[in-house]
1. Residues that are of a type in the set (Ser, Thr, Tyr), at pLDDT below 90 and touching a Leu at 6+ places or on another chain (Cβ under 7 Å): does the range 24-38 have at least one?
2. Could you give me the residue pairs with C-beta distances under 6 Å whose first residue belongs to the range 15-29 and is hydroxyl-bearing (Ser, Thr, Tyr), whose second residue is surrounded by 10 or more Cβ atoms within 10 Å (Cβ to Cβ) wherever it lies, and which are 6+ apart or on separate chains?
Amino acid sequence: MKNRDGILASLALALSVTLMAALVGSGVYANAAAGEAVGYQALFHVVATSKVQQ
């Protein structure tokens, strides 16, 4: 049972690494990261320019 679990864990790790490499290599990850950065920049701009009532 432990041997089978180890084999499945190794296969899952290999598959996830392969899929992540394909995602990064395709440029989709870079586009998503750039979009997220733009969203955070807009959020910080709104927060920084708004007055906080205390």
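1. Yes - at least one qualifying residue is present in the range 24-38.
2. Final answer for the pair search is Tyr29/Leu23.
The values are calculated or read from the model by the stated rules, or taken from the named source; none is laboratory data. Source: prediction; values computed, not measured. Counting neighbours? That spans all protein chains shown, and the Cβs are built from the backbone with ideal geometry, glycine included.
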